[in-house]
Structures are given as structure tokens and as C-alpha cells.
Amino acid sequence: MQPRWSKKQAQEWYDAQPWFRGCNYMSADCVNRVDQWQELGFEERLRTVDKELDIAQEIGFNSVRLIVQFEVWQQEHDGFMNRLERYIEMCHKHQISVMLCIANDCSVPKAIYEPKKLGKQEVDWGYHGGVKKSPHMSHSQGPGFTVLDDPELAPQFYQMTAEIIETYKNDPRIVFWDLINEPGAAGRGEISLPIVKKLFEIAWDINPIQPLTACIWSNIIGGGNPSELLAAELSDIVTFHSYSGFQAFVRAIDILKNRYERPLVNTEWLHRIQHNNVHDLFPLMFLEKIGCYCWGFVAGLYQTYEPWEGMWQLVDQGKAPASWDFTKWQHDLIRPNHRPYDPAEINCIKLFSSLADKNFKNKGR
């Protein structure tokens, strides 16, 4: 079993890479990740991907984070593996690398959990993520539930994990293995500890050329939950999420640098309502060479330009902070007509992406 990379190995690998910048990507015509990966409508989706990644390439993005969907792998196995390859190759066509994310703790309680079904996907309009019963709302029915909590499905999920990593373990188009999104989220806390450990053990046994990671996300300044802290301790490259304002963002970077002494990559950011914005944070992450993947790209059916439902709950309760600015989109950079949400944001991204490429080219001389 291959152990965690040393700090020296992680730093040398990271120094040899360009500055990673991009987004968590799903095409605008997808309701959810079932829509993204299933056979139904895939050819149309892929044509949309081609157009949208052309925009991403033009503004300077060079990487995307993609989250897979277990149920599609399970029910359309051969087709899913073929479509995954075509998706990765489409990214490569646009000189865009891929971070593949496997598991996901961002979930709803078992009381309202519904297994994902393939076929036409229904959309709830006006809701972040296109669904009313969202992980992004307050729940009182207990911790989130995932397929990895099902003793019959968990072995299949681990089989999927091993198959995907084995398939792409030596493929330079894949730049990171993000083994689980937001470990311990949705009140899961310690529940995900054995899941985090198992996912890393599977990947260590395969020994891919790419670094392994899973993010620290919930309260970097205050510490975090046990599952995310374990994930960070096992990660080759430390990834984190932050939707906070500039000062808290800088504090989080300082804490993570000193705590782990490893390269940092932010795999979720951009929350204009909470003053987590392009103009402040993109130049900061360029300066620090912190890889960055904002949430969302072209506004569409997934509706991540809408606020989290939990924010509306606070508004309804009269508890929303006065500093929140609901006049702004939450996520996403590009309007449905493919014009910028804010041209100044796109100019900022172009400028610092160009500088990063120039610096990297000069470094290699």
C-alpha cells in the first residue's frame, strides 16, 4: 500500500504544475448530476459542454472539478465509463484538466432521502440546485444519509471508486483525486470517519500518479469536524472550501499553511451574497498560487445563482445578517446567453490567468 506523499514530494509535484484555476462544472442544460452522466440526453449535453468549455478556455480556465454519480455507474455501467472518457477527452480538447470527485457527504436526512432515479429529471424553479428538499437548508430530522450508509450499496460504491481510479491512475488528463466532497457534512460528523479511511485505502492500494485529497470545509478557523480533519491529515495536497469574506478567507489560508505545510487548493469558492467575490479572491489565490475552483459556470437549470435555501429560511425567521447582499447572484460567472454576469469579473480572471501562464512559462526556461 502506497502511503501518503511526503511534504517534499507534494511540494515538488505542485511546483511543477501550472496554477490550477477553473470551476466546479456542470453544463447549463443539466438539472443535476444524473442528467450530467446518464445516457438520456447525453449527446446534446456534450455539445453544450463543448460550447461552454470553449468559453472557459477563452477566459483562462485550465481545470474543472467533476463529481461522478454512483447510480448512473451502477445502472448504466459500460455506458457511464464510456461517457466519462468522452467527457474527460472533451475537457482535454479545450486544454482543461480534470479533478475527479468520487463520494459526497452533502446530503439530506434519511427521512426525506430519495434514491436517485435515471430518466427525465424534474426541476424545481427558484431553488438553489434545482430542488426544494436540499442539503443547503436547515434540517431537524437527523444527519445526512448517503449510499455509503447502505450495507448493500456500499461495496458497489467502493468497487466504482477502485474501477475509476484504476482506469485513470496514469492519465495526465486527471490532476487530482478528490475522494469525498465535504466529509462529515450535513451533521454526519464522525459517521464518515470509516468511509474517509476506506476511500483513501482503496486509492493507496492502486497508487495513482495523481495526488489524493478530500477537503476541509466547515470551520477552518474553529477547527472542523472529525471526518474532515482526518481527510486533511491523509491528503497529499490540502484542499479546502471557503465561502467567507476576504479577511476570514485570508485567516483560513494562514491557518492551513501553518497547520499542514503543504500546497493548498480551494475546491469551492464564490459567494457574492456573503462578499466572497472574484475581485478580491482570484488575485489573492493567484499571488499565493492556491489552485481555485469556483462553484458554477454558466447559469442554468441547476440554478446555483440562487441563494442556498437555508439563507431564505433565515430571512423568513428574521435572522439573516444585514450584510448579506441579495441583489447579487450567489454563484456562476456566465449568463445563459453566454455573456458575462459581470464583465469586470471576467477581465480580472483573464488578467491573472494570463500572468500565471506567463510566469509558469518563464519559470521553465
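Output the residue which, of all residues in region 319-352 that are under 30 Å from VAL34 (Cβ atoms) and free of Cβ contacts under 8 Å to residues at least 12 places away in the same chain, is surrounded by the most Cβ atoms within 10 Å (Cβ to Cβ). Of everything passing the filter in region 319-352, PRO340 is surrounded by the most Cβ atoms within 10 Å (Cβ to Cβ).
Where helices (runs of 4 or more DSSP H) fall wholly inside region 1-71, the ranges with 1 or more residues that are at pLDDT 95 or above and of a type in the set (Ser, Thr, Tyr) are 7-15, 42-59. Filter region 85-116 down to residues that are part of a loop (DSSP other than H, G, I, E, B) and of a type in the set (A, V, I, L, M, F, W, C) and give me whichever is nearest to the chain's Cα centre (by Cα). Among residues in region 85-116 that are part of a loop (DSSP other than H, G, I, E, B) and of a type in the set (A, V, I, L, M, F, W, C), the one nearest to the chain's Cα centre (by Cα) is CYS106. Taken over region 124-183, residues that are touching a residue at least 60 places away in the same chain (Cβ under 8 Å), over 20 Å from the mean Cα position of the chain (by Cα) and on the phi > 0 side of the Ramachandran plot amount to 1.
Yes or no, residue by residue, for (1) hydrophobic (A, V, I, L, M, F, W, C); (2) closer than 30 Å to ASP50 by Cβ; (3) crowded, with 22+ Cβ neighbours inside 10 Å; (4) free of Cβ contacts under 8 Å to residues at least 24 places away in the same chain:
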{"position": "GLY223", "(1), (2), (3), (4)": "no, no, no, yes"}
{"position": "GLU228", "(1), (2), (3), (4)": "no, no, yes, no"}
{"position": "VAL238", "(1), (2), (3), (4)": "yes, no, yes, no"}
{"position": "SER244", "(1), (2), (3), (4)": "no, no, no, no"}
{"position": "ARG251", "(1), (2), (3), (4)": "no, no, no, no"}
{"position": "VAL265", "(1), (2), (3), (4)": "yes, yes, yes, no"}
{"position": "PHE286", "(1), (2), (3), (4)": "yes, yes, no, no"}
{"position": "LEU314", "(1), (2), (3), (4)": "yes, no, no, yes"}
{"position": "GLN317", "(1), (2), (3), (4)": "no, no, no, yes"}
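The rows are residues; the columns are (1) assigned to a helix (DSSP H, G or I); (2) buried (at least 24 other Cβ atoms within 10 Å of the Cβ); (3) basic (Lys, Arg).
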site	(1), (2), (3)
GLN141	no, no, no
GLN156	yes, no, no
LYS198	yes, no, yes
PRO208	no, no, no
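Remark: ASN219 falls outside the filter, which requires a residue to be in a strand (DSSP E or B), free of Cβ contacts under 8 Å to residues at least 40 places away in the same chain and either over 25 Å from ILE88 (Cβ atoms) or of a type in the set (S, T, N, Q) (or both). Scanning region 222-235 for residues that are at pLDDT 95 or above and assigned to a loop (DSSP other than H, G, I, E, B), we see that the one that is nearest to GLN17 (Cα to Cα) is SER235. Residue selection: GLU190 fails the criterion of being in contact (Cβ under 8 Å) with a residue 60 or more places away in the chain, of a type in the set (Asp, Glu) and closer than 26 Å to HIS136 by Cα.
The values are calculated or read from the model by the stated rules, or taken from the named source; none is laboratory data. Every value quoted in this text rests on a predicted model; they were computed, and no experiment measured them. Cβ sites come from the backbone with ideal geometry, for glycine too, and all protein chains shown count toward neighbours.
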